[in-house]
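So the structure is just underneath, and the comments pick up after that.
The values are calculated or read from the model by the stated rules, or taken from the named source; none is laboratory data. As the structure is a prediction and not an experimental result, all values here were calculated from the model. Cβ: placed from backbone, ideal geometry, glycine included. Neighbour counts: every protein chain shown. The accessibility values were calculated without ligands, DNA or RNA, using every heavy atom of the protein model including side chains. Shrake-Rupley method; radii C 1.70, N 1.55, O 1.52, S 1.80 Å.
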Amino acid sequence: MNKKIVIVGAGVAGINAATKLVDNGYPGELITIIDMGKDPYNRKAEEVMEGMLGAGGWSDGKLTYHTAIGGQLSKYCGEKKAMELMDQVITNFKRFHPKPEEVQCSNPVEEPEFIKPYFGLRLFPVWHIGTDYLSEIAKNWYEYLVSKGVNFVWEHKVIDIDFTKQNLLAVDWFNTPNLAPTEYISYDELIFAVGKSGIDFAQSLAKQYELPDEPKSVQIGVRFEAPQHHFQKLIDISYDFKLYKKFEDKGVSLRSFCTNNNAAYVAVEETYGDYSYNGHAKKDPKYKNDMTNFGILMEINGIEDPFEWSRNVVNQCNVSVDIPSSHSPTGESFLYKAGLYYSPSFRQPSFTSENEPVRVIRLTD
Ligand SMILES: Cc1cc2nc3c(=O)[nH]c(=O)nc-3n(C[C@H](O)[C@H](O)[C@H](O)COP(=O)(O)OP(=O)(O)OC[C@H]3O[C@@H](n4cnc5c(N)ncnc54)[C@H](O)[C@@H]3O)c2cc1C
């Protein structure tokens, strides 16, 4: 009980680890969490990857914690324990929710006959927290950990870890672009929880320390939007329906994920200069628009350099268009960058919840 624990990453994993420690009586004063993003009071809605509650706890707010949907947890602790731990994450999200009674669970128990000829439907529960509550959850959770004595170091990026000396180097990420001054922090135990935004760093450490890795499939996806009534029969059975289909001969599989209904908006997220399209579902009835949107994800096996391949796809899907001064709202020409969208019926994308057009460039036939 006297070891200094450093957690790199204040995402869903890092924050739950700290919570579990202090809930079990570990002194918060011995826990330091370092994150390159911001605390929940200063983190902006559009900063989707970095900061308090990381990517998964800030953007959409649908919790699909189940071993059947992916992840590696059950490999290390077994199926039963993995499910138990994931239940604890759900419980924590409800615990810090300002209106836990509004958390909705969709739990399909049987594949409906009408879908069987076309797709499989995965059967497991999904919790819908409400996109509009995430910021409050993050604040409540943060305050709890601070009240327990946990130290937070925000806006610092860890750029080096010496596992032999048990110290790490964190730099003041935002205030000093020339990467100085530096700060060495020592630890007795390290929890490395950097998520997707830390992939490059994790990879460089894996290389440096010759840690074993394993090939992964590539996942690429599009977001589909349509009026809700087309999907109502399915939504009544599963709010966040996970349809899937395998194409063994082609080495790919397809699945739907992250379905948003009732008050459903396509949200454009800019991450490190690229545009991607997420879905948000608000709880407040004033946002009701009777639309549905969901992701369609293709998993592709056997790609030799998945990172380079994915980067190439992203580059091709993010395009720029020269807007001449005659079409510019400011009267000055500029370069408009966005992702692509396509509609066979020439349907225009819906507006955002702020009543603005979704930033997209139409893909022509
Ligand atoms: C845009 C987006 C939306 C998503 N929405 C959902 C959803 O609604 N529901 C769901 O269940 N899953 C969602 N996911 C998946 C979800 O992000 C992950 O399952 C979950 O966030 C993983 O938690 P984590 O703590 O491992 O990583 P993250 O949540 O990504 O957190 C990692 C944290 O580490 C910090 N970090 C990274 N590198 C460094 C470094 N070198 N130094 C300091 N700090 C560092 C980052 O700033 C970040 O805060 C979403 C993913 C993305 C990308």
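Assorted remarks:
Every residue, every condition in (1) within 16 Å of the ligand (Cβ to nearest atom); (2) open to solvent by less than 30 Å² (accessible area, probe 1.4 Å); (3) touching a residue at least 24 places away in the same chain (Cβ under 8 Å), yes or no:
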{"residue": "209", "(1), (2), (3)": "yes, no, yes"}
{"residue": "220", "(1), (2), (3)": "yes, no, yes"}
{"residue": "226", "(1), (2), (3)": "no, yes, yes"}
{"residue": "261", "(1), (2), (3)": "yes, yes, yes"}
{"residue": "264", "(1), (2), (3)": "yes, yes, yes"}
{"residue": "270", "(1), (2), (3)": "yes, no, yes"}
{"residue": "295", "(1), (2), (3)": "yes, yes, yes"}
{"residue": "298", "(1), (2), (3)": "no, no, yes"}
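- Considering (1) more than 9 Å from the ligand (Cβ to nearest atom); (2) at positive phi; (3) modelled with pLDDT of 90 or more, the lone condition that residue 166 does not fulfil carries the number (3).
- All conditions but one from (1) in contact with a Phe, Trp or Tyr (Cβ under 8 Å, 6 or more places away or on another chain); (2) within 16 Å of the ligand (Cβ to nearest atom); (3) within 18 Å of residue 123 (Cα to Cα) apply to residue 238; the one that does not is (1).
- Test: residue in the range 71-78 that is farther than 19 Å from residue 195 by Cα, surrounded by 20 or more Cβ atoms within 10 Å (Cβ to Cβ) and either touching a residue at least 60 places away in the same chain (Cβ under 8 Å) or more than 6 Å from the ligand (Cβ to nearest atom) (or both): no
- Looking only at residues in the range 29-67 that are outside any loop (DSSP other than H, G, I, E, B) and over 28 Å from residue 238 (Cα atoms), the one that is most open to solvent (accessible area, probe 1.4 Å) is 29.
- Residues of the range 110-168 satisfying the condition of being open to solvent by 40 Å² or more (accessible area, probe 1.4 Å), farther than 28 Å from residue 267 by Cβ and either among the β-branched types (Val, Ile, Thr) or assigned to a strand (DSSP E or B) (or both): 146, 151, 159, 160, 164
- From 139, 62, residue being more than 15 Å from the chain's Cα centre (by Cα) and either within 9 Å of the ligand (Cβ to nearest atom) or of a type in the set (Lys, Arg) (or both): 139
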